[in-house]
Every structure is written in C-alpha cells, then in structure tokens.
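See structure below.
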Amino acid sequence: MSQISNKYLRAAVGGMLVVGVTLAAGTQQSQAQVKWPKYFSVITPIVGSSNHSLGVAWSTAFSADTGVRVRILPTSSGYARTEWLNINQGRLTVYQPSDFYDQMDSVEGYAKRTAGPSDTCAMFVLSVTPWGYMVRGDSKIKTVDDIKSSTKAVFYSGSTFISNGMRALLVLAGVKESEVQKVEVGGYGANTKVVTEGRGEVSFTSPVSGTSYAAEATPNSIRWLNVPANHKNFAAYRELSAGYVLTKAKSGVKTAIGVSMDHAFQSYHVRGNEDADFVYNLAKWMDQNHDKYKKKFRHAPMMSLVSLKAYLAAGILEPFHPGTIRYLKEIGIWTAAHQKRNDTIVRLMKNRIKVFNGAMDAAYGAKVLTDTPNDKWKAFLADYKKKNGVTMKFSKELEAALK
C-alpha cells in the first residue's frame, strides 16, 4: 500500500463507531424479488474470534430477513479456510491481503492442490482489523528492542500471516529466529493464552478478538508493543508483513487503544466462479441492511461501505468479484481506475494459478509427494516457479505491476 493509505484507513477506523450511510439510490432491496438459495455456509476463524462473532451477527439478521438458513463453520487454520472454500464446504470465507499473498506464493499449508493458488475474490469488506504484539501486563518487555534471544516468542503455525507476524517482530528487534526461544501452539486461542499463563512472553494477535478481551480481564492484564515506523529495521520488518498499514489502534481492548500497530482490511471471499447474482444480491443486502446487524456485535459497525470505500481509496490488494463490482458500479463508487487495478491483480493471480497447477502436474510425473508440505516438494516447487518466471513474492510482483 502507498503512504496515502494511512489517511483512508484512519478514516475507516475512526468511523467504526459511526453509522455508515448507504449510498445506494432508490428503495431497499425487496427480498421477494431475489432468488436466494435455501441455505449456504460461511467459513470463519474459531469461536471467540471477532470474525466468528461478526458472522453470527449479520447472518442471524440475514436469515430473519430472507428465510435463508446460514451455517457458520469455524476452523482454527487459515489454510483450512481457503481449502474449505475451494472444495465447496462453504460459499464465503474470511481473508485479508496477507492471506491472499501467502496463497498466491503457495507457502506452507498453501502448497497443496486444495489450498494452493486458486481463483478467489473479495465480495464485501468486514473490518479494518488491528494486529499487534501482546505481552502480559507485568512483563519486563516495554519496547520492541527489549525482544532478545532469551524471549519466549509464541508461534502459531496454523496461519502463515500470524507466524510471519512474529518473524517480522524478530527482524525488527534484530533477533534471529534460530536463536529465540520458540513457544509453538496449535491454535489461535492458545496463541494468546500462553502469554497470560506466563509460558510465552509475546504473541502476534488482534486486539479485537474475544481472546484478547479475556486476556485483558486476567489478573495481570496485558499490554501492546508500539511499532515505530522510524525504526532502523522497519524496512526489513515490512518485507515480512506486506499488506498492512501502520497506524494507531482505535478499536479493540482498552490496552491497545492509541498503540501504533499494523491494520488490515478483512473481507469475505468467494470462489471466482461463484454465481454473480448471488454475490450481487448478498453485497447489496449487507450494505442496505447494515442497521439490522450493526448493534449485534461490538465490531459490526465496521462492516459497512465506510470500510469498503476506504479500501478502494487506499488501493485494493486482492481482486473483487464481478457480482460485487456490479453493485459498486450501480451505486457509483467503482471507477475505471478501480477496474484497471482489479484487472491487473486478476492477471497476476491467474498466472500464479497456472504455474502452481503446472508444478503439481510435473511433481506427479516425477513422483514427488505434494499432499503435505515436505522438503522435496518445496524444492521442486521453488525450482519450477523460477523456471517459469515466478522469481519474487506476489506482494512485490503486484507492487511492481501497479506502478
């Protein structure tokens, strides 16, 4: 994102407590005129996470309004959310740009056919979500420079953007990952809990998560580390944490308010071949019926056109679905410049899909196992990508293409 992104992100975060005004002209959507499916599923992070609670909030109002049954499917792994979308276990799932980048780069759990690069598109913005470094309230760690090789750093391998977030902190602090004391956990909830219990000293998590509210209520409470933009290692930090904007937190637990940390635009994604009418009608319903669910969860006010417009203004980092684009054109906020940017992202995405599928097929012929990440497959994939012109991270490739 460019430096100007901060301006729009601050506007979105600052406006989260303000009712978003619908820009669509005319009357509200008539549900009798819409051909909805009988039911569909929405894939979310774990129970207790902000996005799970948000899914329950809007889907309850949606079902009451339309009669459509919506099932919320929580999963603890970012890889699983992508995989479940790809294999049609659900029609919507939660993404942020770093998820999309990791998928396009086919790293770790995304290096398998069911979770690898695929045609996936954003259909509505959920929130502008802060992500930061949490320590216990009585911790001796006061700044990022207090992170040492003796620090017990929490790593959650079920999500590349969370594990990369911790790696970014270590780079910022000038500490090698191989030297630090790693505390590995198997779930997002444990990623926070081990800090309050004293088994870990610092974790990368979100102040808006239910787990953070529970942590703040513990006897020692919690604190958040300020990320200084003028730090000598900030450029190296940003290399590992692409797709974010650094600004002061205005949402989440009280201990996080005013602390400088990264923020991400989070969206619902659908498959690229999802029915355009379904996406159009759902995006329209989410916008026009915001009043029906904005008070059902503390962070539901952010799921509005205020956040979506801020993302468009900052510069989208993932493709939008044609059904959503149709609605945004209808209400006059999708421009030729947005379409050009979207087309560029789609072109790069399709190339990544083509190269990855080619690598999968070639690996099959070479009898290289690809069902789970392994060193032989990683080396084979890296070599195949290089031979087929994929020589940089997707974030860097996109940045260069958009200049």
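No lab work stands behind these numbers, since they all come straight from the coordinates. Model, not experiment: these values are computed from the prediction. Glycine gets a Cβ as well: all are built from the backbone with ideal geometry, and neighbour counts include every protein chain shown.
Below, the figures for the structure above:
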| read-out | value |
| --- | --- |
| Loop sites in segment 175-239: trypsin sites (Lys or Arg not before Pro), DSSP, at most 12 other Cβ within 10 Å | 176, 232 |
| From the coordinates shown, Kirkwood radius over Cα pairs in Å corresponds to which of [x] 21.7; [y] 26.6; [z] 22.5 | [x] |
| Reach of residue 292 by Cα under 16 Å, taken over lysines that are not fewer than 8 positions away in the same chain | 284 |
| Qualifying trypsin sites (Lys or Arg not before Pro) for segment 86-147 [loop in DSSP, other Cβ within 10 Å: at most 14] | 140, 142 |
| Antiparallel bridges, percent of DSSP beta bridges restricted to the chain (to nearest 5) | 60 |
| Estimated translational D of segment 131-263 in µm²/s (Stokes, Kirkwood radius over Cα pairs; 25 °C; 0.890 mPa s) | 171 |
| Positive-end extreme of charge dipole, the chain - chosen from 319, 362, 221 (charges on Cβ) | 319 |
| Pairwise FRET efficiency - residue 218 versus residue 157, Cβ, R0 = 25 Å, nearest 0.05 | 0.50 |
